[in-house]
Amino acid sequence: MKMQTIRNLAIYSSIALALALALAIVLPALPQDPEPQAEGGKMSMDGVMMERCQQMKERKERMMAEMRAQDAILIAQVAAMNSATDDKKVGLMAAIVTHMAGQRGRRAE
């Protein structure tokens, strides 16, 4: 039993050593991704990422400005509805709900 354990240990150690040697030989030989360099008008990868990040920030700012404008319209509509007479409130409420449904539909696109 003890001899079997020693034999297994020797086999596993040999396999681990072989794998380590194989990795040490193969890994440096694998092609590595070259660093993108700025050449003749081409942007480096960092430059492309920064440009895309800036575009996303600008798109987010436009979206937030649109949402604030839409919220202002809704606030004005709700104020008009609250100050309206009872017979006009239902119509104004329907207009508000329609407006909100349209906003949601545009945001889902």
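Listing for the model above:
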read-out	value
Per-region count, region 73-88, residues over 35 Å from the mean Cα position of the chain (by Cα) and either touching a residue at least 40 places away in the same chain (Cβ under 8 Å) or assigned to a helix (DSSP H, G or I) (or both)	8
Qualifying positions in region 89-109 - in a helix (DSSP H, G or I) and either in contact (Cβ under 8 Å) with a residue 40 or more places away in the chain or out of contact with any helix residue (DSSP H, G or I) (no Cβ under 8 Å at 6 or more places or on another chain) (or both)	90, 91, 94, 97, 98, 101, 102, 104, 105, 106, 107, 108
Residues (surrounded by 10 or more Cβ atoms within 10 Å (Cβ to Cβ) and hydroxyl-bearing (Ser, Thr, Tyr)) located in region 69-86	83
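Conditions tested, residue by residue: (1) modelled with pLDDT of 90 or more; (2) hydroxyl-bearing (Ser, Thr, Tyr); (3) assigned to a helix (DSSP H, G or I).
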| site | (1), (2), (3) |
| --- | --- |
| 13 | no, yes, yes |
| 17 | no, no, yes |
| 26 | no, no, yes |
| 36 | no, no, no |
| 52 | yes, no, yes |
| 56 | yes, no, yes |
| 60 | yes, no, yes |
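The values are calculated or read from the model by the stated rules, or taken from the named source; none is laboratory data. Just so you know, these numbers come straight off a predicted model, no measurement behind them. Reconstructed Cβ throughout: ideal geometry from the backbone, glycine too, with neighbour counts over all protein chains shown.
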